[in-house]
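In what follows, a structure is listed as structure tokens, so that the remarks can point back to it.
The values are calculated or read from the model by the stated rules, or taken from the named source; none is laboratory data. Note that the structure is a prediction, hence the values are computed from the model and not measured. Note that each Cβ is placed from the backbone with ideal geometry, even for glycine, and that neighbours are counted across all protein chains shown. Note: areas computed on protein heavy atoms with side chains; ligands, DNA, RNA excluded. Shrake-Rupley method; radii C 1.70, N 1.55, O 1.52, S 1.80 Å.
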Amino acid sequence: MLGRAAPAQVLSYLRLCPDYAPTPLRRLPALAASLGIGGLRIKDEGARLGLGSFKALGGAYAVIRIIAEMAERALGRPIDPAMLMTPEVRRIAAGVTVGCATDGNHGRSVAAGARLIGARAVIFLHRGVSAEREAAIAALGATTVRVEGSYDDSVAHALRVCSENGWPVVSDTSWPGYEATPLRVMQGYTAMLHEVLDAAPAPPSHVFIQAGVGGVAAAIAAHLSDVCGDAMPRIVVVEPDRAACLLESARRGVAGPIPHGEPTLMAMLECYEPSPVAWRILARTAHAFMTVGEEDAAEAMRRLACPVGGDPAIVAGESGGVGLAALLRVADDAEARRLLGLGADADVLLFNTEGATDPGIYRSITGIEPEALPMAARR
């Protein structure tokens, strides 16, 4: 589901979205030179499908596939993407409610997918999701429900309510007996990497990719493993130091939960238990796991907003610049550079996984209104 054939399948459905377009792959040669590496590219997901995050690819795609499969069972025949907007499929979708828990961006994508296909969505939000992110989800027509506790608490609550009501759960994390939909979400992310490989002259040598439960990191690692084979880039998985469930799983040699810690600025990555299906992939394909701190993330946002040497400005949210935060840490550590082979010929790929999805937080960290940056940084 995550190999070289996956993006074509994803794009056949996502092209139903009127706002679909490839996002920019930005080169930052001045920053690369200052870090002593050969090249640096950032896939900028800040304007993905008008939702401001790479998550737009996963949740919306999974919702569309769920409705397509329900329509096939109800109508007794195959349903191709072009048929999803027909009145008979829309009538089926109108009777469906999907639900999910979210840190913000995944729920927004699920809500958008439900609206596109004509279904309803109920999105469960934990205490750390800002009011601005909740408003963005509600603006897409979804019902929002607040849950006391952490992201993991909201996942458990969403599962219970959805089970009681017979609603399909569209989660981006997996658990025993529930893997098909999270894999669909992850499959959606392969479209992003397909765009990278289509636009770049060659695959990168290193990828620094942020992780919460591990879904996007696993999707990227699995796809690159299939496409690149023995020439696969080195994959560095990056987490907040306050919520490093994948790093701790790597230390233990087995996936498992970690204690809940102090909330992190990197709220989209604040997860305390890996997705088992993502972990199975990362345990075999990731080359390194590392963490960054609160100020590391904030500094990366500022570096991207105020570049030097003619590099383009990039609007990155609190979790969006985490890959750069990790690269900056490694570049300043001779032993880490040696272990990762990060030399003068390295060609590094990063992902700005979200734009200023909470403009107030962005303003407080960078001192800049996102709209004040050049238009190119917001496309």
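Annotation: of all residues in the stretch 31-52 being open to solvent by less than 30 Å² (accessible area, probe 1.4 Å) and assigned to a helix (DSSP H, G or I), the one that is farthest from residue 197 (Cα to Cα) is 35. For the stretch 281-313, the set of residues classified as open to solvent by 40 Å² or more (accessible area, probe 1.4 Å) and under 18 Å from the mean Cα position of the chain (by Cα) consists of 289 only.
Here residue 172 passes the criteria (1) of a type in the set (D, E, K, R); (2) more than 23 Å from residue 288 (Cα to Cα); (3) buried (at least 24 other Cβ atoms within 10 Å of the Cβ) except the one numbered (2). Selection of the stretch 136-158 for residues being open to solvent by 60 Å² or more (accessible area, probe 1.4 Å) and either part of a helix (DSSP H, G or I) or of a type in the set (Phe, Trp, Tyr) (or both) yields only 153. For the stretch 62-92, the tally of residues that are open to solvent by less than 60 Å² (accessible area, probe 1.4 Å), in a loop (DSSP other than H, G, I, E, B) and of a type outside the set (A, V, I, L, M, F, W, C) stands at 1.
Condition first: open to solvent by less than 50 Å² (accessible area, probe 1.4 Å) and at pLDDT 95 or above. Now tell me which residues in the stretch 118-127 satisfy that.
Answer for the stretch 118-127, where residues must be open to solvent by less than 50 Å² (accessible area, probe 1.4 Å) and at pLDDT 95 or above: 118, 119, 121, 122, 123, 124, 125.
Against the condition assigned by the TED database to the domain that holds residue 216, open to solvent by 20 Å² or more (accessible area, probe 1.4 Å), small (Gly, Ala, Ser) and not in a helix (DSSP H, G or I), how does residue 21 come out, does it pass? Criteria met by residue 21. Taking the stretch 314-379 as the region of interest, the helices (runs of 4 or more DSSP H) fully inside it that hold 2 or more residues being buried (at least 18 other Cβ atoms within 10 Å of the Cβ) are 322-331, 359-366.
Okay, residues lined up against (1) over 20 Å from the mean Cα position of the chain (by Cα); (2) of a type in the set (S, T, N, Q); (3) closer than 30 Å to residue 305 by Cα:
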{"residue": "33", "(1), (2), (3)": "yes, no, yes"}
{"residue": "55", "(1), (2), (3)": "no, no, yes"}
{"residue": "60", "(1), (2), (3)": "no, no, yes"}
{"residue": "73", "(1), (2), (3)": "yes, no, no"}
{"residue": "78", "(1), (2), (3)": "yes, no, no"}
{"residue": "92", "(1), (2), (3)": "yes, no, no"}
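A quick yes/no check of all residues on (1) assigned to a loop (DSSP other than H, G, I, E, B); (2) over 20 Å from residue 207 (Cβ atoms):
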{"site": "225", "(1), (2)": "no, no"}
{"site": "228", "(1), (2)": "no, no"}
{"site": "250", "(1), (2)": "no, no"}
{"site": "256", "(1), (2)": "yes, yes"}
{"site": "260", "(1), (2)": "yes, yes"}
{"site": "274", "(1), (2)": "yes, no"}
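Pairs linking a residue in the stretch 15-35 that is touching a residue at least 60 places away in the same chain (Cβ under 8 Å) to a residue that is among the aliphatic types (A, V, I, L, M) and open to solvent by less than 40 Å² (accessible area, probe 1.4 Å), with Cβ atoms under 6 Å and 6 or more positions apart or on different chains, are 17/49; 25/196; 26/42; 28/40; 31/40; 32/40; 35/331.
For the stretch 242-268, taking the residues that are within 16 Å of the chain's Cα centre (by Cα) and modelled with pLDDT under 95, the one that is nearest to residue 171 (Cα to Cα) is identified as 268.
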